[in-house]
1. Does the range A:82-99 include one or more residues that are within 23 Å of residue A:482 (Cβ to Cβ), in contact with a Leu (Cβ under 9 Å, 6 or more places away or on another chain) and modelled with pLDDT of 90 or more?
2. Testing residue A:442 on (1) within 15 Å of residue A:430 (Cβ to Cβ); (2) out of contact with any Pro (no Cβ under 7 Å at 6 or more places or on another chain), one condition comes back false. Which one is that?
3. Within the range B:252-295, track down each residue that is away from chain A (no Cβ under 14 Å) and of a type in the set (S, T, N, Q).
4. For the range A:486-499, check the following and say yes or no: at least one residue is charged (D, E, K, R) and in a loop (DSSP other than H, G, I, E, B).
5. Taking the condition without any contact (Cβ under 8 Å) to a residue 12 or more places away in the chain and open to solvent by 10 Å² or more (accessible area, probe 1.4 Å), does residue A:383 pass?
6. Which of the residues belonging to the range B:51-88 are open to solvent by 60 Å² or more (accessible area, probe 1.4 Å), within 11 Å of another protein chain (Cβ to nearest Cβ) and either farther than 17 Å from residue B:455 by Cα or in a helix (DSSP H, G or I) (or both)?
7. Being of a type in the set (D, E, K, R), closer than 30 Å to residue B:323 by Cβ and assigned to a helix (DSSP H, G or I), is that true of even one residue in the range B:473-482?
8. Looking only at the range A:427-453, which residues are open to solvent by 10 Å² or more (accessible area, probe 1.4 Å) and either in a loop (DSSP other than H, G, I, E, B) or not assigned by TED's automatic domain parsing to the domain that holds residue A:70 (or both)?
Protein chains: 2
Amino acid sequence: YHRLSIMLTIYSSVRMRENGKTREKTLTMGTLNPQVKAVEYAVRGPIVTKAGDIERGLQQGQKHPFTEVIKANIGDSHAMGQKPITFLRQVVALCSFPELLDSSSFPEDAKQRARRILQGCGGQSLGSYSASQGVDCIRQDVAVYIEQRDKGVPADWDNIYLTTGASDGIVSILKMLVSGQGRSRSGVMIPIPQYPLYSAAISEMEAVQINYYLDEDNCWALDINELHRAYQAAKEHCHPRVICIINPGNPTGQVQSKKCIEEVLHFAYEENLFVMSDEVYQDNVYSPDCQFHSFKKVLYEMGPEYFNTVELASFHSTSKGYSGECGFRGGYMEVLNLDLEVKAQLVKLLSIRLCPPVSGQAAMDVIVNPPLPHEPSYLQFHKEKSAVLGALAEKAQMTEQILNTVPGIKCNPVQGAMYAFPRIFIPPRAVEAAMSLGMSPDMMYCLRLLEETGICLVPGSGFGQREGTYHFRMTILPTTEKLKVLLEKLRDFHIKFLKEYAPLEEPKRSEDDTQEALKQFR
Amino acid sequence: YHRLSIMLTIYSSVRMRENGKTREKTLTMGTLNPQVKAVEYAVRGPIVTKAGDIERGLQQGQKHPFTEVIKANIGDSHAMGQKPITFLRQVVALCSFPELLDSSSFPEDAKQRARRILQGCGGQSLGSYSASQGVDCIRQDVAVYIEQRDKGVPADWDNIYLTTGASDGIVSILKMLVSGQGRSRSGVMIPIPQYPLYSAAISEMEAVQINYYLDEDNCWALDINELHRAYQAAKEHCHPRVICIINPGNPTGQVQSKKCIEEVLHFAYEENLFVMSDEVYQDNVYSPDCQFHSFKKVLYEMGPEYFNTVELASFHSTSKGYSGECGFRGGYMEVLNLDLEVKAQLVKLLSIRLCPPVSGQAAMDVIVNPPLPHEPSYLQFHKEKSAVLGALAEKAQMTEQILNTVPGIKCNPVQGAMYAFPRIFIPPRAVEAAMSLGMSPDMMYCLRLLEETGICLVPGSGFGQREGTYHFRMTILPTTEKLKVLLEKLRDFHIKFLKEYAPLEEPKRSEDDTQEALKQFR
């Protein structure tokens, strides 16, 4: 098909030349917005495109050394077989087709939620635009949820904005914060490794990206000294105005300690930084030693001098947690201590896109307002939620343990979120081979992994990593059975890869270790 | 509440000064992104905010000279009482809660649509991310729809991108097209009056807005000479690269003739302009003398030299037409003759936001793939669709006729879309009064209208108008009964306004004319 397109292009330009003029397209790589060109977004980058091509090829009967592509590149739970939470879908279906409110096959608590949401919609329809900030009663439910989550720290629904997934909120807040030219241009501190939405948005807005490196040797912890270093270095050439934190970490899976959060907030307070805390994995904490602490709650506990001054935006989403409802594009942000005039500007900015999808808002409402113990759907809801989170916890542990039995792979504990970000040893000869192909070494690694095994991962270079280190990000979302297959295939590939590029080195671990580790998950 | 916030702000800054430092917020009107500050978006501007305040006041028992706010400011059908199309909501509910596929209370054709959509979703769930371009089978359905609409002009689903409402697509394409500095900065030609999404996006991207004025004396027709004038004038200070057309017109309600579209396309071809045709009102044509012609079909009929070269993006949405599903944020764009490398860049840009809401994609699918005559839902679907479009046609005619009986108001025929954009005579003394308040005269007019009658309209200045002329935009969406009330109140207000500011002028028409005109709609 592409060949046909190219032939048509050639044909039509020839024809035009015959007509006596050569016609250039208006929009070419030469005239394209350079900010768009500069953007990179690895989670849906070339590897993923290639995986799609292979998948279509398999369907059309093409031969590959595998029968199935396993996509572990993106946190897309339902695509990996996770079932939707029944209660959430019941409420959305009731809101979508209110005639079902008369049906006896829906539980009363789902109907009550749906009626309440519809009351808040213009014309009682999910088809009306909501206010740009979202449906009032859903914003109120979000505020109540946050107060309960944070053990009574007050939440004002006037500070809640519903969003189109968390990405939309993050981009909107960043957009507000970018100003200045040259040395006074806004600098945005982001963790490395990071979720590439941040680097993409920063590059699109021509802000200055300030990298602070997470400490891989210390379970990807955030080191306050590294923050100071990065800040001081950046001050020379830009105006650092924002610090972004992802907790639990994406792609790194660490869960921040309360002490560490305090240090970050104190730092932000001292340096007058706007804090953006990406907390979309707040329900995804697996390690028994870890606990989720919201930035807001910690700020509150630091006292009013902090709580009443530090500008903080925190983000949540329907896409992660135990519901995994990515397709609904639901989310919210809570913004503290925003200047009143600036608040009006934020609402104006959001109003250009009119409103977040209202069905996504409804899904968000269920997540912040789930069935209570006395309600009819409580037991089933609780069972489904626990099953999802339990399986994720098991898979987090399994992924770490198995990966650590493979020679040349080292994986930190997956304390939370949905990803492992193991470090992989790539022999110097493989590095050279990749360079000669004009490719980053981990990109070559992931490309070969895909071509030889059908496993689709994202190279570490798409998230950022310390110079000379290599990683990949994989989700822990495939079903336990599929994840085992994935990990074994990955192991075999990795050993083969090492043998190919470093044949003389002796592996430090044996295949027996992997089999031993796998046993406990059988 | 606001007073409390202000007191808290003062209190905390006093406290900080006592602590020996004055702390500035990080994000203030002074440090806010100037591009965000520059943006205006009248459809949800100050009048609408005020209307919301008054509405809340009424609910809390505040006294006003009316009992209800009538919002005719935005094309939000369901909020104005229009009922959803049953078939569309059935399909969305089935997709949201697939257990309903076993229910006998849903028709087979709705189930068949839902099964097909779910087949196209990862894990057969609406909760998975779709590809950034949208679900494949929905894009295929869109292509089939376009081919049928355009009587066989070929449509390739590879050129179809599903979007988050039409706004999202429009902003994405504009973003691609903005480049250059100074005199080579991209210029974007937009109609005046325009839908303020365009001016907002242009201002946010710091592109150059090139106004071409629609001809009010000629039913808001697009005059090709005016295009040439605007283009030539703009060439002096920017690089005109795009022309935007809204057909049927928003806010002006005109429907473009085929000849006029040919002229525009020829002009774009000659001047190498990228064409963006906003065709979200393609189903909203009321005048029996008018017909919707898609830009694509006209381009095709101009011959292969045009059809194979002119870069054209056309936009559609679930929000308008007969379905009015604004809250689902569904839409699509078809992009022709895009350079292949640029296409990959567009997909990359779209992928940062991951995907459009999948339930909105499902809604879009129903609109392009409605029940066929032999299917069980056909009759009801057809009845509902005709009822909506029939009522709109009647209200379009009524609005024009009644407004034209009011002295000092002149309204062009509402041939299509959902709005009237009448010209209003504002006496010089009222203009002076507004100026002294630092307000545009039509803003003052609309503000007083809101305060005195509860009717919420948008001033013409939010859409652009020729210097010295004044307008407002009103939707024709209130129910027929409510629309009559609105028009009578508006008439009384306008006459009172004229008497107040031009007491000596004799009105050219009498109240009898209005009553006479109203009669035919009783």
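1. yes
2. Unmet condition: (2).
3. Residues satisfying the conditions are B:252, B:254, B:256, B:257, B:277, B:282, B:284, B:287, B:291, B:294.
4. Among the residues of the range A:486-499, not one is charged (D, E, K, R) and in a loop (DSSP other than H, G, I, E, B), which makes the answer no.
5. Criteria met by residue A:383.
6. If the condition is that a residue be open to solvent by 60 Å² or more (accessible area, probe 1.4 Å), within 11 Å of another protein chain (Cβ to nearest Cβ) and either farther than 17 Å from residue B:455 by Cα or in a helix (DSSP H, G or I) (or both), then B:56, B:83 are the ones that fit.
7. yes
8. Residues satisfying the conditions are A:437, A:438, A:439, A:440.
The values are calculated or read from the model by the stated rules, or taken from the named source; none is laboratory data. Because the structure is a prediction, the values reported are computed rather than measured. Using ideal geometry, Cβ is built from the backbone for each residue, glycine included, and neighbour counts are taken over all protein chains shown. Accessible surface areas use protein heavy atoms only, side chains included; no ligands, DNA or RNA. Shrake-Rupley method; radii C 1.70, N 1.55, O 1.52, S 1.80 Å.
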